[in-house]
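So the structure is just underneath, and the comments pick up after that.
The values are calculated or read from the model by the stated rules, or taken from the named source; none is laboratory data. This one's a predicted model, so the numbers in the text were calculated from it and none came from an experiment. Methodologically, a virtual Cβ is constructed for each residue, glycine included, from the backbone with ideal geometry; neighbour enumeration extends over all protein chains shown. Side chains are part of the model used for accessible areas, which takes the heavy atoms of the whole protein and leaves out ligands, DNA and RNA. Shrake-Rupley method; radii C 1.70, N 1.55, O 1.52, S 1.80 Å.
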Amino acid sequence: MLPCLVSGNLERQNYLPMELCDIVPGQRYSRRLNERQVIALLKVTCQRPRDREKDILRTVSRNRYAADVHAQEFGITIRDTFSLSRVEARVLPAPRLKYYDQKTGRPTNFQPVEGQWNMIGMKLIDGGVVNHWACINFSCNVHDADARRFCNDLAETCSKSGMRFSREYLTLVSARPEEMSGALRHVFNQSRTKGKHLELLVAILPDQSNVILYGDIKRICETELGVVSQCCQTKQVHKGNRQYLANLVLKINAKVGGRNTVLKDAIDRRIPVVSDMPTIIFGADVTHPHPGEDSSPSIAAVVASKDWPEVTKYAGLVSAQAHRQELIQDLFKMAKEHLLSFRTATKQLPRRIIFYRDGVSEGQFHQVLLHELDSIRKACASIAANYQPPVNFVVVQKRHHTRLFADNHDARSTIDRSGNILPGTVVDSKICHPTEFDFYLCSHAGIQGTSRPSHYHVLWDDNKFQADELQQLTYDLCYTYARCTRSVSVVPPAYYAHLAAFRARFYCGARTGAADYSSTGSRSTGTGDQSRRSVSAAAGGNTGAPPAIQPLPELADNVKKLMFFC
């Protein structure tokens with residue numbers, strides 16, 4: 001009955017009196033860090049490129065590898081003088097993007113500079129349609145008048161940006177966070193009573209960070225009600241910041257089926273590797289629970305493009321699988337559904353597949369390729385007997401220690417404003433594999449710290465692409481990320497899969513409570529009553545053998561066709 005330390009594995013746990021134990025110093029702490037520790041860690045590691053380079057050389061010199069006992073035992077000789085390896089690099093040109101001019105309404109093309117651009121004076125290339133929407137205010141610090149002003153500003157900004165967005169919202173409801181489940185259902189049922197299909201729900205979150213509330217809103221909207229949602233921060237509602245509203249427009253437009261921008265070369269059928277025949281681009285990722293959460297499942301997410309030749313709209317599917325299992329167990333089912341969705345949207349099956357896979361370490365390359373390429377092949381064969389389009393299987397890696405620095409930190413022509421290498425910098429020799437097809441690509445502009453290039457490793461190449469073609473395609477796609485007006489560091493399909501997998505973790509372990517919305521003194525500008533409250537929490541703790549994997553709740557049919565994860 002005394003407090004003890006738990007050691008051993010899940011099946012056989014040992015209990016040790018803590019007062020008789022000592023912690024060996026210098027051990028690596030592998031559990032999740034708290035917020036204060038994360039902030040302190042980021043301060044230490046966030047160094048400008050010039051400082052980072054000096055720190056690397058200083059560390060190598062201080063470690064005195066030449067005098068290392070273990071190196072001497074193996075007969076390894078290490079020089080006393082150190083310098084960074086010099087590698088040849090080239091900078092790919094940025095693609096041209098297409099928008100509409102806000103004044104004339106005519107198409108306009110422009111080329112971003114240093115991986116970023118703004119939409120001042122421009123409209124979205126394909127504005128989404130929102131006829132019926134509603135707002136729920138969960139913040140006690142936002143009054144109804146402020147919420148109405150915010151909703152009006154949001155509707156105005158969406159309309160000016162090119163969306164067909166109704167200036168009138170169905171209802172504005174204020175509710176406490178604990179009334180969330182009932183408030184969501186109240187608004188949804190109210191719209192149905194009026195004979196209108198709710199297309200967007202805007203939620204104003206409380207001041208304090210509330211991950212559970214955010215997760216429950218997403219889970220209920222996307223798996224039960226079939227509505228996409230946009231959560232907003234209290235401080236931003238008070239500020240009325242136009243830039244914040246513009247950022248919301250990008251997310252909302254993508255969620256309701258619009259396009260923010262497209263590559264000019266896509267419209268002109270000049271994208272390398274993609275424009276010559278119908279091509280589907282997949283992105284896949286598996287996220288694992290935090291250290292210590294030994295009973296939570298791993299979440300696999302697979303997204304795929306459903307438009308061609310634009311390649312900007314993606315649909316997402318998610319599934320739960322065994323704890324810390326890296327292979328995507330349901331890839332056959334998910335790939336088949338994506339291929340059929342592509343056929344429905346474009347009236348033809350893709351004749352080429354490009355598969356970007358995130359989160360695979362080098363030791364797992366062979367195992368992942370063997371299992372997942374086979375699943376893709378079987379998914380194709382299940383659609384038609386002779387249907388076997390060529391496949392490219394590309395692994396994307398961000399967790400590595402390679403950093404690229406400009407040869408001259410003072411040469412403005414080789415660095416961006418943060419001092420990092422220019423977006424589009426590619427290295428495919430010397431530090432890459434001597435015989436295999438891989439390359440480093442820095443596709444984003446640095447904001448703070450030292451930019452980390454993404455490492456792309458082609459494990460399978462049915463299409464026999466030239467290195468230039470795949471590198472330029474990958475870089476061009478980085479400008480089509482829907483949530484911002486910047487090129488991003490990882491190719492968007494892989495980025496979207498990462499977002500979808502983290503979103504699906506909110507769907508795990510939902511449990512329902514019993515809070516009655518109508519009897520809790522809610523502040524409402526609409527009518528109706530509510531019933532339940534739902535709270536989601538990830539299962540954790542050491543409770544013996546790992547439990548059976550519970551399938552995730554199904555995404556609503558209309559939601560899975562949209563970019564709900566944006």
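A full extension of the chain between residue 24 and residue 91 corresponds to an added length of 19.3 nm, given 0.36 nm per residue minus the alpha carbon distance. Shown here for segment 300-329: trypsin sites (Lys or Arg not before Pro) in loop regions (DSSP other than H, G, I, E, B) with at most 14 other Cβ atoms within 10 Å, namely 324. In terms of distances greater than 29 angstrom between alpha carbons, the cross-link table entries 103/239; 333/398; 196/239; 194/333; 264/378 yield 196/239; 194/333; 264/378. Under 5 Å from the amide H of residue 228 lie the amide H atoms of 201, each residue being 5 or more positions distant or on a separate chain, with H modelled from the backbone and absent for Pro and chain starts. Residue 287 sits among other residues whose Cβ lies under 12 Å from its own Cβ, and their net charge, with Lys and Arg +1 and Asp and Glu -1, is -1. Assign one of three labels to segment 1-132, namely rounded, prolate or oblate, based on the Cα gyration tensor with a ≥ b ≥ c the square roots of its eigenvalues; rounded applies when a/c is under 1.5, prolate when it is not and a/b is larger than b/c, and oblate otherwise. Oblate, because a/c is 1.5 or more while a/b does not exceed b/c.
Within the same chain, aspartates and glutamates fewer than 8 places from residue 430 are excluded, and of the rest, those with a Cα less than 12 Å from its Cα are 88, 438. With the cut-off at 1.5 for a/c, could you classify segment 375-516 from its C-alpha gyration tensor as rounded, prolate or oblate? Oblate, since a/c reaches 1.5 and b/c is not below a/b. A probe of 1.4 angstrom, applied to the heavy atoms of all protein chains, finds residue 460 with accessible area near 100 square angstrom.
For the pair segment 318-369 / segment 92-145, the C-alpha centres are spaced 31 Å from each other.
Of the residues 10, 275, 323, the one whose Cα sits farthest toward the positive end of the charge dipole of the chain, with +1 on the Cβ of Lys and Arg and -1 on the Cβ of Asp and Glu, is 275. Its relative contact order, with pairs defined as Cα atoms under 8 Å and 6+ residues apart, puts the chain at 19 percent.
In the chain, helices alone account for a calculated mean residue ellipticity at 222 nm of -8500 deg cm²/dmol, with every DSSP H run of four or more residues adding -39,500 (n - 2.57). Rounded to the nearest whole Hz, the Karplus-based 3J(HN,Hα) values (6.51 cos²θ - 1.76 cosθ + 1.60, θ = phi - 60°) of segment 168-176 follow the sequence 10, 8, 5, 7, 10, 10, 10, 8, 7, with x at glycine and proline. Exposure check, 1.4 Å probe, all protein chains in place: residue 98 carries approximately 40 Å² of accessible surface. Under 1.5 on a/c is rounded, so check that first for segment 303-385, then, if it is not, pick prolate when a/b is larger than b/c and oblate when it is not; a ≥ b ≥ c are the square roots of the alpha carbon gyration tensor eigenvalues. It is prolate, given that a/c is not under 1.5 and a/b is the larger ratio. By DSSP, the beta bridges lying fully in the chain are antiparallel in about 65 percent of cases. For segment 205-331, the convex hull spanned by the alpha carbon atoms encloses 161 Å³ per residue. Each Cα pair of segment 433-483 feeds into the Kirkwood radius, which the Stokes-Einstein equation turns, at 10 °C and 1.306 mPa s, into a diffusion coefficient of 126 µm²/s.
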